[in-house]
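Peer 1: Here it is, the structure, as structure tokens.
The values are calculated or read from the model by the stated rules, or taken from the named source; none is laboratory data. None of the values given here were measured: they were computed from a predicted structure. A quick note on method: Cβ atoms are made from the backbone with ideal geometry, for glycine too, and the neighbour counts reach across all protein chains shown. With ligands, DNA and RNA removed, areas are computed over all heavy atoms of the protein, side chains included. Shrake-Rupley method; radii C 1.70, N 1.55, O 1.52, S 1.80 Å.
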Amino acid sequence: MNHVDTIQETIEAKEDELIELATDLVEAKSVTGNEVPAQNVIVDRLEHLDLEPDVWDPSADDLASHEGYFETSSYDDVGYEGRPNVAARIKGGDGPTLTVGGHIDVVDVTESEWNRSPWTVTQEEDTLYGRGVADMKGGLASVLIAIEALAENDIELNGDLLFQSTIEEEDGGVGGALSVLERGYVPDAAVVAEPFNLPNVGIASAGVMYFRVTVPGKSVHAAWGHEGVNAIGNAALVYQALEELDTERKAHIDYEPAYRANPDLEGNVTNLNLGMIEAGDWPSTLPAEAIMKGRIGWPPGESRAEVRAQIEDAVAAVAKEDSWLSEYPPEVEWFGWQAEPHEIDSTCEIATIAKGVGEAVTGRSGTYVGGNAGLDERFYTLYYGVDAVSVGPDGANLHGADEHTTVTSLKETALTTAVIATEYCGVSA
Ligand SMILES: [Zn+2]
């Protein structure tokens, strides 16, 4: 029997363990900002494997000078204390080093929208429901089972295997994946178990930025409204201008990897959204200020500076056309997510191996795809020149109600991860 068959047999035998581990991780609620309960589950598992996990809180001071750094919203809210990353090194020979793993944080839920409990795993035939079961605690459980399957079959890799479980990917990943790399865990290639529906292989991600537009008005009592200027009305002008910018951008943006796997996305691969507005404090007062907060996504090929200039120019142009706003122009500021997009060459070694192994394991054919949101994988590529791919289970309703994946695709993720490690690092004869 070759080692693929033996690993597969071991993973099949561990199906219940895999579901149990995914369940323990989901039950250890770890919304971005409070990742420690689920990191404790990871640490226990690594210790049980006789590995010595490295556990540390990131330091914003140490990271601040890095060009990929920005202050994340969760850092702004709660800081980094008590928010550990976890890494472990499985020593191999002198061959290439591979990182496997992913992020432990999940986004919060609107419980009333769920038909099942979000904070445990509910199994219905092959489907598993729960917050994070797809994005991406199921994938992390699969990776740990893959490491166990290699160990139990005494398969020794020719290179080191690095495992990592990181914080705040949903918030930009600065204190997570970037902190791991800055700590010295820099591999030759990385495989992140994001739910990219293997055998599809993720090779790209979109840029993401948050911004705030402060739109002025002139406050008076509503009974003398003609003497004031309503900031909500002014904000509506800015809203309209940014919506037009979004439409213009979509007409020329082409980011094929993002819609290759999902043709519905064609023409809408990156969006500009105004998601929050705050203005006024009394129905009979004209508000003096409206503050809108938004997010823009953009594809590989455009730079952060270009995209910022487009937004700032659109706001300045609409203000110029208005007699009052031309004297009191709105202000644009950038905060939170400030992530550049990335894309790797799909002919690189890790992408080729990942697709080949994924296709052999699943018996289906895959394609190279790109995320339409930001991903941790960018840190490897942009700042360390390391090729990183996303290879993980099926996932649906990510960030939404009744998020789910399947037992079959978690087992496929485990087997694919283990076999990629043997092919990329090589195996001692
Ligand atoms: Zn994710």
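Peer 1: On the basis of being open to solvent by 10 Å² or more (accessible area, probe 1.4 Å) and either farther than 23 Å from GLU302 by Cβ or not in a helix (DSSP H, G or I) (or both), does TYR424 make the cut?
Peer 2: When the stated conditions are applied, TYR424 passes them.
Peer 1: Assess whether VAL109 counts as being within 16 Å of the ligand (Cβ to nearest atom) and under 17 Å from CYS425 (Cα atoms).
Peer 2: no
Peer 1: Within segment 376-386, can you find the residues that are over 18 Å from VAL208 (Cα atoms) and open to solvent by 50 Å² or more (accessible area, probe 1.4 Å)?
Peer 2: Result: TYR384, GLY385.
Peer 1: Taking into account only those residues within segment 261-279 that are assigned to a loop (DSSP other than H, G, I, E, B) and among the aliphatic types (A, V, I, L, M), which is most open to solvent (accessible area, probe 1.4 Å)?
Peer 2: Looking at residues that are assigned to a loop (DSSP other than H, G, I, E, B) and among the aliphatic types (A, V, I, L, M), I get ALA261.
Peer 1: Considering only segment 93-106, state which residues are small (Gly, Ala, Ser), open to solvent by less than 10 Å² (accessible area, probe 1.4 Å) and more than 9 Å from the ligand (Cβ to nearest atom).
Peer 2: GLY101 - this is the single residue of segment 93-106 that is small (Gly, Ala, Ser), open to solvent by less than 10 Å² (accessible area, probe 1.4 Å) and more than 9 Å from the ligand (Cβ to nearest atom).
Peer 1: Have a look at GLY294, GLY267 and point out the one that is closer than 21 Å to GLY172 by Cβ and touching a Phe, Trp or Tyr at 6+ places or on another chain (Cβ under 9 Å).
Peer 2: GLY294
Peer 1: While we're looking at this one, here's another question. Condition first: out of contact with any Asp or Glu (no Cβ under 9 Å at 6 or more places or on another chain) and among the aliphatic types (A, V, I, L, M). Now tell me which residues in segment 209-234 satisfy that.
Peer 2: MET209, ALA222, ALA223, VAL229, ILE232
Peer 1: Could you go through segment 149-160 and let me know if any residue there is in contact with a strand residue (DSSP E or B) (Cβ under 8 Å, 6 or more places away or on another chain), within 16 Å of the ligand (Cβ to nearest atom), at pLDDT 95 or above and assigned by TED's automatic domain parsing to the domain that holds VAL107.
Peer 2: no
Peer 1: Criterion first (at pLDDT 95 or above and more than 16 Å from the ligand (Cβ to nearest atom)) does GLY138 satisfy it?
Peer 2: For GLY138, the condition - at pLDDT 95 or above and more than 16 Å from the ligand (Cβ to nearest atom) - is not met.
Peer 1: Among the residues of segment 396-426, write down those that are at pLDDT below 95 and closer than 14 Å to VAL201 by Cα.
Peer 2: Once the filter is applied, which keeps residues that are at pLDDT below 95 and closer than 14 Å to VAL201 by Cα, segment 396-426 yields nothing.
Peer 1: Name the pairs whose Cβ atoms lie under 6 Å apart, with the first residue in segment 368-386 and assigned by TED's automatic domain parsing to the domain that holds LEU98 and over 16 Å from GLY101 (Cβ atoms), the second of a type in the set (Ser, Thr, Tyr) and open to solvent by 30 Å² or more (accessible area, probe 1.4 Å), and 6 or more positions between them or separate chains?
Peer 2: Close Cβ pairs satisfying both conditions: TYR368/SER346.
Peer 1: Is it the case that segment 81-99 has a residue that's more than 22 Å from VAL192 (Cα to Cα) and in a strand (DSSP E or B)?
Peer 2: no
Peer 1: Continuing with this model, one more query. Applying the selection to segment 388-403, what residues are surrounded by fewer than 24 Cβ atoms within 10 Å (Cβ to Cβ) and closer than 24 Å to ARG364 by Cα?
Peer 2: ASP394, GLY395, ALA396, ASN397, LEU398
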